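Take a look at the structure set out below.
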Amino acid sequence: MRYLQICLAIFTTGFIVSCKSPYFTSVNDMRQINGIIYLKDGKEITGPLSSSLQNFGGTESYIRFTDQNGKEGQKIYIKDIKGISVRNNYYEPKLIDMGFASRDKMLFVKRLTRPGMRIGLYELYEQQTNSNSRGQTYNTNSYTYYVSFPGHPEYEAWNVDGKHLTPNFEDKMSEQVKDCPTLAEKIRQKEKGYFYAQISFASEKRIETIMNIADEYEKCK
């Protein structure tokens, strides 16, 4: 099998992922899943990928390439990776705010906007194992959405429900696109399709709103 010929392991300093049976929970928690790594220097690496970033992700995370003879190769740091393609989806590394009293993590998030768009919308999928009072375990799935803007730091991505955009979405978002006055005014006026309130439970509306803004901003050059 091909994964026995090439082993790419994504891991943090001091933690190694061995070449064992394949599994896929998410792109940040997988082992021996075929994919493509796109490096910033234009090179590509194809082969099985393994990732433990969900538990260990950080700015010093790296990828280790091991050849078919088991010889340890070069470390490929996340900062040298432009993106990865796994199971027909494209992911980019972003520094994710994990909440109060938790350090940020460098994780791969699925790009939802088209390649090359100046405003990027991303999806982070996470699966966590929990236990109830009877000791039974169960999994919970969560989806969180992030947006990046031109001119911001490379890995910066804002939670669409976070303090950078809510409350007062109309003021905070319009400021980010002020170089496109027509679009900024639509957001300030809370036009349908260009605004969402902080108290809203429909993630679909947030996604639609950000996509509308990203599409129109792309036309405003």
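Of note:
- Here's the list of lysines a cross-link from Lys79 could span, going by alpha-carbon distance under 21 Å and ignoring same-chain residues fewer than 8 apart: Lys40, Lys43, Lys94, Lys105, Lys110.
- Restricting the calculation to Cα atoms, segment 87-180 yields a radius of gyration followed by a Dmax of 15.9, 56 Å.
- Global form of segment 133-180, assessed from the alpha-carbon gyration tensor, a/c cut-off 1.5: prolate
- Between Asp171 and Thr46, the distance separating the two model label sites (each 7 Å from Cα on the Cα→Cβ line) works out to 5.2 nm.
- Label-to-label distance, nm, for residues given as Asn55 and Thr137 (7 Å Cα→Cβ offset): 1.0 nm
- Average silhouette area of segment 159-209, convex hull of alpha-carbon atoms, in square nanometres: 3.2 nm²
- Label-to-label distance, Gln128 versus Tyr90, with points set 7 angstrom from Cα along the beta-carbon direction: 3.1 nm.
- Taking the accessible area of segment 84-221, probe 1.4 Å, and keeping the other protein chains in place, the carbon and sulfur fraction comes to 46%.
- Local electrostatic count, Tyr145, Cβ distance below 9 Å [Lys/Arg +1, Asp/Glu -1]: -1
- Here segment 159-221 is treated with +1 on each Lys and Arg Cβ and -1 on each Asp and Glu Cβ, and its dipole about the Cα centre works out to around 100 debye.
The values are calculated or read from the model by the stated rules, or taken from the named source; none is laboratory data. All of these numbers come straight from a predicted model, not from anything done at the bench. All Cβ positions, glycine included, derive from the backbone under ideal geometry; neighbour counts span all protein chains shown. Just so you know, the surface numbers come from the protein's heavy atoms only, side chains and all, with ligands and any DNA or RNA stripped out. Shrake-Rupley method; radii C 1.70, N 1.55, O 1.52, S 1.80 Å.
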